[in-house]
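The values are calculated or read from the model by the stated rules, or taken from the named source; none is laboratory data. No experiment lies behind these values; they were computed from the predicted model shown. Note: ideal-geometry Cβ built from the backbone for every residue, glycine included; neighbour counts use all protein chains shown. Areas reflect the complete protein model, heavy atoms only, side chains present, ligands, DNA and RNA absent. Shrake-Rupley method; radii C 1.70, N 1.55, O 1.52, S 1.80 Å.
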Amino acid sequence: MTLRSYRPDRAQDRADVYDVCVRTAESGGDARGVLSRDDLWGDIFAGPYLALEPELAFVLDDGARVVGYVLGTADTARWAAEQRARWLPTVAARHPLPATPTTREEHLVDLLHHPEYNVRPELADYPAHLHIDVLPEHQGGGHGRALIEAFLGALADRGVPGVHLGVLTANTRARGFYAHLGFHELPVTEPDVVYLGRGGLAA
């Protein structure tokens, strides 16, 4: 098992990341077939990071394919602006914005079309954010920790002071994992989601 940088020049890397994304999107389980288009998951939670900040993407390679990844942005506010200007135009046609979102899929499409939802004043001290996913059969063995540490190291090299992420409130296992990595709860109110942050990265 190898932890390495994502290769934007390798089409298979992108395809594998999208595959891992959909196969872990249902609270860590397989979301293939849940929505009308499987690629919506990747277009929201993977694609914009791979396109806009590929240097902050790290993957877990089992020798045959990518089986896990961590990706994100060093500056959420800047990323939201760039996502609107550079990423959204490339995917908007296949995910039309609903007039009034009512279903789960429509709310996800609405999220795609409004990256500004990710920008919150309460998170100003933690400007970076990340997403991490590893296929269930490859979880454990310290792979998640290694991916997170690679991402945090890259942020520290850029002088980024802090990073945040969102976790489902009911996902106590994930919250425990992040607590062991030095993340703590942040004062952000959102139904069913708890925000965690880690500062002092560039100290």
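Taken as a whole, the structure leaves residue 164 outside the set of residues that are at pLDDT 95 or above, open to solvent by 30 Å² or more (accessible area, probe 1.4 Å) and in contact with a Gly (Cβ under 7 Å, 6 or more places away or on another chain). Within the range 133-150, the set of residues being assigned to a loop (DSSP other than H, G, I, E, B), modelled with pLDDT of 95 or more and farther than 19 Å from residue 47 by Cα is empty. Residues of the range 2-19 that are touching a helix residue (DSSP H, G or I) at 6+ places or on another chain (Cβ under 8 Å), buried (at least 18 other Cβ atoms within 10 Å of the Cβ) and within 16 Å of residue 132 (Cβ to Cβ): 6, 17, 18. Take the residues in the range 37-54 that are under 14 Å from the mean Cα position of the chain (by Cα) and either of a type in the set (Phe, Trp, Tyr) or open to solvent by 60 Å² or more (accessible area, probe 1.4 Å) (or both); name whichever of them is farthest from residue 132 (Cα to Cα). Among them, the one singled out is 41. Being loosely packed, with under 13 Cβ neighbours inside 10 Å and β-branched (Val, Ile, Thr) is a description that does not apply to residue 73.
One residue stands out in the range 177-203 among those that are out of contact with any Leu (no Cβ under 9 Å at 6 or more places or on another chain) and over 25 Å from residue 159 (Cβ atoms): the one that is least open to solvent (accessible area, probe 1.4 Å), namely 190. Considering only residues in the range 132-148 that are under 18 Å from the mean Cα position of the chain (by Cα) and open to solvent by 50 Å² or more (accessible area, probe 1.4 Å), the one that is nearest to residue 49 (Cα to Cα) turns out to be 145. Among the residues here, residue 34 qualifies as assigned to a loop (DSSP other than H, G, I, E, B) and either open to solvent by less than 10 Å² (accessible area, probe 1.4 Å) or among the β-branched types (Val, Ile, Thr) (or both). The one condition from (1) of a type in the set (Gly, Ala, Ser); (2) more than 23 Å from residue 164 (Cβ to Cβ); (3) open to solvent by 30 Å² or more (accessible area, probe 1.4 Å); (4) at pLDDT below 95 that residue 27 does not meet is (2). Regarding residue 64, is this residue more than 17 Å from residue 132 (Cβ to Cβ), part of a loop (DSSP other than H, G, I, E, B) and among the aliphatic types (A, V, I, L, M)? Considered against the rule, which asks whether it is more than 17 Å from residue 132 (Cβ to Cβ), part of a loop (DSSP other than H, G, I, E, B) and among the aliphatic types (A, V, I, L, M), residue 64 comes out as yes. Residue 159 satisfies every condition listed in (1) farther than 21 Å from residue 40 by Cβ; (2) outside any strand (DSSP E or B); (3) within 17 Å of the chain's Cα centre (by Cα) except (3). For beta carbons closer than 7 Å, sequence separation of 6+ or different chains, a first residue in the range 139-154 that is of a type in the set (Phe, Trp, Tyr) and a second that is open to solvent by 20 Å² or more (accessible area, probe 1.4 Å) and outside any helix (DSSP H, G or I), the qualifying pairs are 151/58.
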